[in-house]
Amino acid sequence: MTLENTDVATFHGAADKPARPLWRSIGRGFLCRCPNCGEGKLFQGYLKSVDHCAVCQEEYFHHRADDLPPYLTVFIVGHIVVGLYMAMEEITPASLLVQLAIWLPVTLVMSLALLRPFKGATIGLQWAMRMHGFGGLSDAADH
């Protein structure tokens, strides 16, 4: 069995269940929509996910999008902000106060803008891979 010929369902003992498209599920989650139907909202608050989709009734209460969304946010925002800060430092002789006035709000806005979509994408990833209860198995059975 080669990796190219294997779908996601085979990895988690769900070969008899229909495949769940990985990138479509991640994309729908990134857009804060239900990874299953793409119609229902994934969040009821800023970071509080719904217990189930209002359209297709897919359950989301058991997801475990714990550390990946903040890690991805820090990784992406950090690389962008540090790169732009260093470029600005080379181009213009702006004072430290000016730099802080620019980069602190940029960092805050970018972080807040990316955290929720990354959490949705993580939920979509877990749904597509049938992780943490999305495949009908408990976490104890996953190990």
Legend entry - Neighbourhood charge, 13 Å Cβ-Cβ cut-off, centred on residue 65 and excluding it, Lys, Arg +1 and Asp, Glu -1: +2
Legend entry - Full-stretch length increase - residue 31, residue 94 - with 0.36 nm per residue and alpha-carbon distance subtracted: 19.0 nm
Legend entry - Two-site FRET efficiency, residue 112 against residue 19, from Cβ-Cβ distance with R₀ of 41 Å, rounded to 0.05: 0.75
Legend entry - Under Karplus coefficients 6.51, -1.76 and 1.60, residue-wise ³J(HN,Hα) of the stretch 112-121 in Hz, glycine/proline x: 5, 6, 9, 4, 5, x, 5, 5, x, 5
Inset, instruction - Please sort 75-83, 88-96 by packing, taking for each peptide the average over its residues of neighbouring beta carbons within 10 angstrom, highest first. - result: 75-83, 88-96
Legend entry - Label-to-label distance, nm, for residues given as residue 104 and residue 85 (7 Å Cα→Cβ offset): 1.2
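None of the figures in this text is laboratory data; all of them are computed from the coordinates on show. A quick note: this is a predicted structure, and the numbers were derived from the prediction, not measured. Every residue, glycine as well, gets a Cβ built from its backbone with ideal geometry; the counts of neighbours run over all protein chains shown.
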